[in-house]
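The values are calculated or read from the model by the stated rules, or taken from the named source; none is laboratory data. Keep in mind that this is a model prediction, so the values were computed, not measured. Cβ atoms come from the backbone with ideal geometry, glycine included; neighbour counts cover every protein chain shown. Ligands, DNA and RNA are excluded from the accessible area calculation, which covers all protein heavy atoms including side chains. Shrake-Rupley method; radii C 1.70, N 1.55, O 1.52, S 1.80 Å.
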Amino acid sequence: MTDSILESTKKVLGIDEAYTVYDPDITMFINATFSTLHQLGIGPVAGFAILDAAETWDDFIGTDLRLNSVRTYVFLRVRLLFDPPATSFAIGAMKEQIQELEWRLNVVREGDSWADPVPLVNNPIV
């Protein structure tokens, strides 16, 4: 499997890497997914976007093996946006998998940098 974000996503979509007609569309959907991951606290602090096939998964998640599910998350989100399944059952299953991956990625992120949403200074309960 290629380490290029764009090429590996195209492979999962069933598109040959030499066929570049849909590259701008797929790139747009990948970048939208990276924006969502950034809001979840996953990825580089400054955000991340791809321009072409040069950017790799290591550029985004580094060597943190706990974030391997990021690839699956990106693939599912892009597939749902670019080429959704024909049945509502398949769409529902994909959406459930996406939600589970978001939850699991959030658990990893909270384990690294959890912040109390109600600081003690402003907490009227204390």
query: Roughly how big is the chain's charge dipole about its Cα centre, with Cβ charges of +1 (Lys, Arg) and -1 (Asp, Glu), in debye to the nearest 20?
result: 400 debye
- prompt: Using a 1.4 angstrom probe with every protein chain in place, what is the largest-first accessible-area order of S35, S88, S4, S69?
  reply: S88, S35, S69, S4
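Ignoring any ligand, DNA or RNA, what whole percent of the accessible area of the chain comes from carbon and sulfur when the probe is 1.4 angstrom?
On the way: 4460 of 7770 Å².
On the chain, the fraction of accessible area on carbon and sulfur atoms equals 57 percent.
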field: Range in the chain, longest, excluding exposed chymotrypsin sites (Phe, Trp or Tyr not before Pro) [loop by DSSP; at most 12 other beta-carbon atoms within 10 Å]
entry: 20-113
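For F48, what is the net charge nearby, where nearby means another residue's Cβ is under 13 Å from its Cβ and Lys, Arg count +1, Asp, Glu -1?
Numbers: positive: none; negative: E55, D58, D59.
So the surrounding residues net to -3.
Tell me, what are the semi-axes, in whole angstrom and largest first, of the equivalent ellipsoid of the chain as set by the roots of 5 times the Cα gyration tensor eigenvalues?
Details: eigenvalues 187, 64, 29 Å².
They are 31, 18, 12 Å, listed largest first.
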task: On the full set of protein chains, 1.4 Å probe, figure out the accessible area of E7 and give it in Å² to the nearest 10.
output: 50 Å²
task: Take V70, V12 and sort them by solvent-accessible surface of the protein heavy atoms, 1.4 Å probe, largest at the top.
output: V12, V70
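Compute the relative contact order of the chain as a whole-number percentage, counting only Cα pairs closer than 8 Å that sit 6 or more residues apart in sequence. Walk me through the intermediate numbers first.
Values: 103 pairs, mean separation 34.1, N = 126.
Reported as a whole number, the value is 27 percent.
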message: Projecting each Cα onto the charge dipole of the chain (Lys/Arg +1, Asp/Glu -1 at the beta carbon, about the Cα centre), which of V78, I98, S8 comes out farthest on the positive side?
response: I98
